[in-house]
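Here's the structure, in structure tokens; my notes come after.
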Amino acid sequence: MKYKIKGLEKEISKLMDGLKNESSMSLLKHARGKLGHFYDVEEKYWALRVRSQWLKEGDRNTHYFHVRASGYRKKNSIERLKDAHGDWHDNKEEIFNIAWNYFNDFFKTSINLDIDSGLHFVPVCIDEDLNRRLNEEITDEEILMAFKQMDLHKALGIDELSGSFFKDH
């Protein structure tokens, strides 16, 4: 498992340093997903192994197991990170900013949305008067009228309460 993880980490590093196109971004996304899966498998393996050793050894080596668990937690931290210009940073705040900027840029849309340009194809179904009535507050009379129209033997909502429940209560 260790060799698979190392290999994927190298592959991801090469993909990040290489040309950025749709194909490489797709490969990068796939490799990151696979790496995440391998990390999960490895984490479960070590959790089971440490747990079984602890059950065998009991409380005699509590300090030993605490050191093991702390070491594993340290292994899962980011000590340094390469920015978009290829420079390495080890300051926690700089690492945070690099990661934030990366994901912020990654998830931004690159599509220019001109909302009015495509709306002429959509037919107008609601006029101003109907829009005003739809936006008004719902009155008690409207609620009572809706209850009266409910079928008493059907469960209409996600609460699965029938119309007879509302009529009786």
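The values are calculated or read from the model by the stated rules, or taken from the named source; none is laboratory data. The structure displayed is predicted, hence computed values, not measured ones. Counting neighbours? That spans all protein chains shown, and the Cβs are built from the backbone with ideal geometry, glycine included. Protein only, heavy atoms only, side chains kept; ligands, DNA and RNA dropped before computing areas. Shrake-Rupley method; radii C 1.70, N 1.55, O 1.52, S 1.80 Å.
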- Task: Scan segment 127-139 residue by residue and report those that are open to solvent by less than 90 Å² (accessible area, probe 1.4 Å) and among the hydrophobic types (A, V, I, L, M, F, W, C).
- Result: Leu130
- Message: Can you tell me how many residues within segment 1-24 are more than 17 Å from Lys82 (Cβ to Cβ) and open to solvent by 50 Å² or more (accessible area, probe 1.4 Å)?
- Response: 8
- Query: Give me the pairs: first residue in segment 69-91 and in a loop (DSSP other than H, G, I, E, B), second residue of a type in the set (A, V, I, L, M, F, W, C) and at pLDDT 90 or above, beta-carbon distance under 7 Å, and six or more apart or on different chains, which are they?
  - Reply: Ile78/Ile95; Arg80/Trp88; Asp83/Ile98
- Item | Residue that is nearest to Tyr39 (Cα to Cα), among those in segment 63-109 that are modelled with pLDDT of 80 or more and of a type in the set (Val, Ile, Thr) | Ile78
